[in-house]
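**Q** Before I ask anything, let me first share the structure, which is written out below as structure tokens.
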Amino acid sequence: MFFRKKTTKGHSYLQIVENRREGGKVKQLVVATLGRLDDLSDSGQLDSLLRSGARFAESVMVLSAHRKGELTKVASSRIGPGLVFDRLWEETRCRAALQRVLGERGFTFGVERAIFREVVHRLMAPGSDRAGQKWHRDYELEGTGALCLHHAYRAMAWLGEELPEAEQADRTPFAPRCRKDEVEETLFAYRRDLLTTLDLVFFDTTSIYFEGEGGTTLGRHGNSKDSRPDLKQMVVGAVLDTEGRPICCELWPGNTTDVKTLVPIAERLKKRFGIKRVCVVADRGMISADTLAELEERKWDYILGARMRTIAEVRDEVLSRAGRYEVVHEKGPSKKDPSPLKVKQVMIWDRRYIVCLNEDQAKKDAADREAILAGLREKLKESGKKLVGNKGYRKYLKAAGPSFEIDEEKIREEARYDGKWVLRTNTALPAAEVALKYKQLWMVEDIFRSMKSLLETRPIYHKCDETIRGHVFCSFLALVLRKELQDRLDAQGSAVEWADVIQDLDALEQVEVEQDGKRFLLRGEARTACSAAFRAARVALPPTVQRCTSPPPGLVDPEAEESNRSANA
């Protein structure tokens, strides 16, 4: 039944109407006509009627009292992250993989729940594990209410725990096999039906520095990609599939060079993940003569970036070969269109190279260089010696007696590289497809930016190798959930930014109130990005008002928490 306004002869009447089905058709039946709407409003009879009826509508009464500030607030918690990410945790099989690797291990607390809490913390409010303990107080995450800080430390240590010697077969030369490796391999096995093919993988590395020593073996001085050679670091490698889904990560000492990492990664994919044929796509930092020789000897497919300036064959022969470019993408009218791209194939004996050209980038490179040269010419009028210390200027200078002058030959040499990059491959893929596959490698770089900035993997305060590995692996699991949710949002056409998703999920609050000896849970408004995330995760929003029969899982009794801490001490 519902109210309906009926206008007759210039007057509006308020009626109570109900829908009835008669003969296969729905008809509206007037139950009662209450009177003229203006008379009911002016006399206050309508308000009185609604208040009288509201006594029998508990939800309406609670909401009305809440708006008037007449209810006693008992507690509040943020519920969006827990509901959405717990569903994704389940459906990506992260929970099942952890539980299987845990097996019959006799922990006295929920290790899987402790790891889940750390993962959600990385997604929502990145920080240290200690900061995560404080953050958790305001959030409702099922099964985590009694977890303490030392539970997080023990869970991290378990993830980074070395496997027994008998299970160290196929370890990489730089690090032992750990529990986190078992979790990755189990997770891949569970989700393999979804990964219809893994014939192409993307691999890249980055470095993460430590404020302290960085564990027993991980913290080493090396080539810092953060421009912090003064600090010890570790090297993190990540493997993604063609859709950008994280497959596995590797955690190595900070002095591990990139050119030594590619072959061990490919070995692990074949032996531990059961991949019989795989094509590895990696950046030019992975190329060395030894690496290429090993890849060729094992008959593995690869698409690798080539150093144009430092490899003589590429610089002197590949870039000098004439040939017509094949157009892959024309320049489009919209910024959203793919970047213009042309490719051509160059064969040097049995070695196959693909030269790629972006003409827009070529124009930009030329303009940037001309801007540098314009400034350099002005500076040379004053003094040339001071310019040698400027890296941007120095490359275009040459000695001319006691002073310096612009190196015109160097300018012509640099112009050869404008807008170009060169790939080396042993695949039979068309040149255009090779170039497009390599461009997908840039999504790995985006993953690393997420790991180091959005997920705040650093700074790392742990002092043991085991807890450091566990800490970084939680960021990897967070990336698995982020990718899953982003894919689902894209599939349903939700054009929301990730920052808005996190902000709106964080804003969804649930308040516990008390009225007449009864307790109720009131859910706040779900903003646009929050509603999109709930739809994507296929999770129903909780009712606006519901009777509270027991304390919500995320609301922790301080006395019970202290008792639990003492029992586990």
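**Q** With the structure loaded, tell me whether ARG369 is surrounded by 14 or more Cβ atoms within 10 Å (Cβ to Cβ), at pLDDT 90 or above and either among the hydroxyl-bearing types (Ser, Thr, Tyr) or under 29 Å from LEU304 (Cα atoms) (or both) or whether it fails that test. I'd like the intermediate steps shown before the answer.
**A** Working: surrounded by 14 or more Cβ atoms within 10 Å (Cβ to Cβ): yes; at pLDDT 90 or above: yes; either among the hydroxyl-bearing types (Ser, Thr, Tyr) or under 29 Å from LEU304 (Cα atoms) (or both): yes.
It is true that ARG369 is surrounded by 14 or more Cβ atoms within 10 Å (Cβ to Cβ), at pLDDT 90 or above and either among the hydroxyl-bearing types (Ser, Thr, Tyr) or under 29 Å from LEU304 (Cα atoms) (or both).
**Q** In addition: Within region 134-149, can one find any residue that is part of a helix (DSSP H, G or I), farther than 18 Å from GLN99 by Cβ and without any contact (Cβ under 8 Å) to a residue 12 or more places away in the chain? Reasoning before the result, please.
**A** At the first step, the residues of region 134-149 found to be part of a helix (DSSP H, G or I) are 134-138, 149.
If we keep only those that are farther than 18 Å from GLN99 by Cβ as well, we get 134-138, 149.
When the remaining residues are screened for being without any contact (Cβ under 8 Å) to a residue 12 or more places away in the chain, the result is 134.
Yes, that holds for at least one residue.
**Q** Still on this model: So LEU240 ticks every box in (1) closer than 25 Å to GLN168 by Cα; (2) free of Cβ contacts under 8 Å to residues at least 60 places away in the same chain; (3) under 25 Å from the mean Cα position of the chain (by Cα); (4) open to solvent by less than 10 Å² (accessible area, probe 1.4 Å) but one. Which box is left unticked?
**A** For LEU240, the failing item is (2).
**Q** Does ALA495 count as more than 21 Å from LEU187 (Cβ to Cβ), at pLDDT 80 or above, surrounded by fewer than 15 Cβ atoms within 10 Å (Cβ to Cβ) and among the hydrophobic types (A, V, I, L, M, F, W, C)? If you could, list the steps in order and put the result at the bottom.
**A** Working: more than 21 Å from LEU187 (Cβ to Cβ): yes; at pLDDT 80 or above: yes; surrounded by fewer than 15 Cβ atoms within 10 Å (Cβ to Cβ): yes; among the hydrophobic types (A, V, I, L, M, F, W, C): yes.
Here the answer is yes, as ALA495 does meet what is asked.
**Q** Determine whether region 279-298 contains at least one residue that is open to solvent by 40 Å² or more (accessible area, probe 1.4 Å), in contact with a strand residue (DSSP E or B) (Cβ under 9 Å, 6 or more places away or on another chain) and without any contact (Cβ under 8 Å) to a residue 40 or more places away in the chain.
**A** Checked against the condition, which is being open to solvent by 40 Å² or more (accessible area, probe 1.4 Å), in contact with a strand residue (DSSP E or B) (Cβ under 9 Å, 6 or more places away or on another chain) and without any contact (Cβ under 8 Å) to a residue 40 or more places away in the chain, region 279-298 yields at least one hit.
**Q** If a residue has to be crowded, with 18+ Cβ neighbours inside 10 Å and either in a loop (DSSP other than H, G, I, E, B) or out of contact with any Asp or Glu (no Cβ under 8 Å at 6 or more places or on another chain) (or both) to count, how many in region 247-257 make the cut?
**A** Selection size over region 247-257: 6.
**Q** Further, regarding this structure: Under 7 Å between Cβ atoms, at least 6 apart or on separate chains: pull out the pairs that start in region 119-133 with a residue that is within 16 Å of LEU149 (Cβ to Cβ) and end on any residue that is in a loop (DSSP other than H, G, I, E, B) and of a type in the set (Asp, Glu).
**A** So the pair list comes out as GLY127/GLU456.
**Q** How many residues are part of a strand (DSSP E or B) and either in contact (Cβ under 8 Å) with a residue 24 or more places away in the chain or within 20 Å of GLY10 (Cβ to Cβ) (or both) when one looks only at region 31-47?
**A** Going through region 31-47 one residue at a time, the tally reaches 5.
**Q** Touching a residue at least 24 places away in the same chain (Cβ under 8 Å), open to solvent by less than 30 Å² (accessible area, probe 1.4 Å) and touching a Leu at 6+ places or on another chain (Cβ under 8 Å), is that true of ALA152?
**A** When the stated conditions are applied, ALA152 does not pass them.
**Q** Right, here's the next one. Assuming THR310 fulfils every condition listed in (1) of a type in the set (Ser, Thr, Tyr); (2) within 22 Å of ALA432 (Cα to Cα); (3) open to solvent by 40 Å² or more (accessible area, probe 1.4 Å) apart from one, which condition is it?
**A** (2) is the only condition that THR310 fails.
**Q** How many of the residues in region 347-380 are within 37 Å of the chain's Cα centre (by Cα) and either closer than 30 Å to LEU295 by Cβ or among the hydroxyl-bearing types (Ser, Thr, Tyr) (or both)?
**A** Residues flagged as within 37 Å of the chain's Cα centre (by Cα) and either closer than 30 Å to LEU295 by Cβ or among the hydroxyl-bearing types (Ser, Thr, Tyr) (or both) within region 347-380 amount to 9.
**Q** Got at least one residue in region 206-220 being modelled with pLDDT under 80, among the acidic types (Asp, Glu), over 16 Å from ASN255 (Cα atoms) and open to solvent by 70 Å² or more (accessible area, probe 1.4 Å)?
**A** Let us first name the residues in region 206-220 that are modelled with pLDDT under 80, namely 211-212.
Keeping just the survivors that are among the acidic types (Asp, Glu) gives 211.
Now drop any that are not over 16 Å from ASN255 (Cα atoms), which leaves 211.
Within this subset, residues satisfying the condition of being open to solvent by 70 Å² or more (accessible area, probe 1.4 Å) are 211.
Taking every residue of region 206-220 in turn, at least one turns out to be modelled with pLDDT under 80, among the acidic types (Asp, Glu), over 16 Å from ASN255 (Cα atoms) and open to solvent by 70 Å² or more (accessible area, probe 1.4 Å).
**Q** While we're looking at this one, here's another question. Would you tally the residues in region 95-133 being in a helix (DSSP H, G or I) and not acidic (Asp, Glu)?
**A** Residues flagged as in a helix (DSSP H, G or I) and not acidic (Asp, Glu) within region 95-133 amount to 24.
**Q** Still on this structure: Report yes if ALA169 is open to solvent by 10 Å² or more (accessible area, probe 1.4 Å), of a type in the set (Gly, Ala, Ser) and more than 24 Å from the chain's Cα centre (by Cα), otherwise no. Give the derivation first.
**A** On the way: open to solvent by 10 Å² or more (accessible area, probe 1.4 Å): yes; of a type in the set (Gly, Ala, Ser): yes; more than 24 Å from the chain's Cα centre (by Cα): yes.
The answer is yes for ALA169.
**Q** Quick check on region 517-569: of everything there that is part of a strand (DSSP E or B) and among the hydrophobic types (A, V, I, L, M, F, W, C), which residue is modelled with the highest pLDDT?
**A** Filtering region 517-569 for residues that are part of a strand (DSSP E or B) and among the hydrophobic types (A, V, I, L, M, F, W, C), the one modelled with the highest pLDDT comes out as LEU522.
**Q** Pairs only if they're at least six apart or on different chains, beta carbon under 7 angstrom, first in region 396-423 and β-branched (Val, Ile, Thr), second open to solvent by 20 Å² or more (accessible area, probe 1.4 Å) and not in a helix (DSSP H, G or I); list them, first residue then second.
**A** ILE406/LEU397; VAL422/MET308
**Q** Another question, if that's okay. If you go through region 221-237, how many residues are open to solvent by 20 Å² or more (accessible area, probe 1.4 Å) and outside any loop (DSSP other than H, G, I, E, B)?
**A** 0
**Q** Among the residues of region 437-446, is there at least one that is among the aliphatic types (A, V, I, L, M) and part of a helix (DSSP H, G or I)?
**A** yes
The values are calculated or read from the model by the stated rules, or taken from the named source; none is laboratory data. Note that this is a predicted model, so its numbers are computed, not measured. Glycine also receives a Cβ, built like all others from the backbone with ideal geometry; neighbour counts cover every protein chain displayed. Areas reflect the complete protein model, heavy atoms only, side chains present, ligands, DNA and RNA absent. Shrake-Rupley method; radii C 1.70, N 1.55, O 1.52, S 1.80 Å.
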